[in-house]
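Peer 1: Take this structure first; my questions come after.
The values are calculated or read from the model by the stated rules, or taken from the named source; none is laboratory data. Owing to the predicted nature of the structure, the values given are computational and were not obtained by experimental measurement. Using ideal geometry, Cβ is built from the backbone for each residue, glycine included, and neighbour counts are taken over all protein chains shown.
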Amino acid sequence: MLKLGVLASGRGSNFQAIIAEIEKGNLKASVEILITDNPSAFAIERAKKHNINYIFIDPKEFPTKDAFFKRIADELKVRGVELVILAGFMRIVRKPLIDAFPDRIMNIHPALLPAFPGLHGQRQALDYGVKISGCTVHFVDEGMDTGPIIIQASVPVLPDDTEDTLSERILSSEHKIYPEAVRLFSEGRLEIRGRTVRIKDHPEIASNIINPPCR
Ligand code: GRF
């Protein structure tokens, strides 16, 4: 049973998607702790509803960003966490956390990386005028959305899309590929070779690209 630690700053719908797959028995994992930097994150309500431990760690209480991330790393270690899930966590992760969990931190980004990293990936895609966008699950390094890519899903950008409609279409794919990436990790099937993540024994997504049907 893989022990997860989730970091979230807001709504937590990806957190919810992972909880749902665990509860359905599709993902052999447990969420040991939700850590948030936002005391009014809706993710906290989700944790309460599913009897998951949560803590608010206030970044303002720390002299440096590194000290804040050291505190998070210590909390995750104490709870025996094996994989850290960033689920709408609105901060760039710093070295003390990355060093504590090498190749064991995942993030989801609402664009097809390396296109449109950083904030508002959906708006950046619309502004650029691309016809296809999507989402990416990747391992986290010290850069901004730069770590090795695990799974991507594409969605069409439609002529009348607004940031909201495109975000919603991308989000429904996020909810499919994030639990899938965690499941592959839990089964020991992800192998990082340089920038490339190989997925063992998974012919249908051997190319690391899946395209779940969009709504
Ligand atoms: C998602 O769009 C995710 O890709 C991005 O932040 C958003 C989080 O949404 N990193 P939620 O909090 O999981 O609902």
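So that you can scan it fast, the table gives a plain yes or no per residue for (1) under 21 Å from PRO102 (Cβ atoms); (2) hydrophobic (A, V, I, L, M, F, W, C); (3) in contact with an Asp or Glu (Cβ under 8 Å, 6 or more places away or on another chain):
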position: ILE35; (1), (2), (3): yes, yes, yes
position: SER40; (1), (2), (3): no, no, no
position: LYS48; (1), (2), (3): no, no, no
position: ILE55; (1), (2), (3): no, yes, yes
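Peer 1: Test ILE33 against the criterion of being within 13 Å of the ligand (Cβ to nearest atom), crowded, with 16+ Cβ neighbours inside 10 Å and either more than 18 Å from GLU82 (Cα to Cα) or not polar (S, T, N, Q) (or both), and give yes or no.
Peer 2: Against the criterion (within 13 Å of the ligand (Cβ to nearest atom), crowded, with 16+ Cβ neighbours inside 10 Å and either more than 18 Å from GLU82 (Cα to Cα) or not polar (S, T, N, Q) (or both)), ILE33 does not qualify.
Peer 1: I would also like to ask the following. Within region 135-144, count every residue that is over 15 Å from VAL84 (Cα atoms) and not aliphatic (A, V, I, L, M).
Peer 2: 3
Peer 1: Got a number for residues in region 126-137 being outside any helix (DSSP H, G or I) and in contact (Cβ under 8 Å) with a residue 40 or more places away in the chain?
Peer 2: Kept after step one, since they are outside any helix (DSSP H, G or I), are these residues of region 126-137: 129-137.
Add one more test, that the residue is in contact (Cβ under 8 Å) with a residue 40 or more places away in the chain, and what stays is 135, 137.
Residues flagged as outside any helix (DSSP H, G or I) and in contact (Cβ under 8 Å) with a residue 40 or more places away in the chain within region 126-137 amount to 2.
Peer 1: Would you call VAL130 more than 16 Å from the chain's Cα centre (by Cα) and among the hydrophobic types (A, V, I, L, M, F, W, C)?
Peer 2: Yes, satisfied.
Peer 1: Oh, and also: Take the residues in region 138-151 that are part of a loop (DSSP other than H, G, I, E, B) and away from the ligand (no atom under 12 Å from the Cβ); name whichever of them is surrounded by the fewest Cβ atoms within 10 Å (Cβ to Cβ).
Peer 2: GLY143
Peer 1: Grab the strands (runs of 3 or more DSSP E) fully contained in region 48-125, keeping just those with 3 or more residues being surrounded by 15 or more Cβ atoms within 10 Å (Cβ to Cβ) and touching a strand residue (DSSP E or B) at 6+ places or on another chain (Cβ under 9 Å).
Peer 2: 83-86, 105-109
Peer 1: Here is a list: LYS3, LYS95, LYS49. Which entry is more than 16 Å from the ligand (Cβ to nearest atom), outside the structural domain of SER172 (by TED's automatic domain parsing) and farther than 21 Å from ILE150 by Cβ?
Peer 2: LYS95
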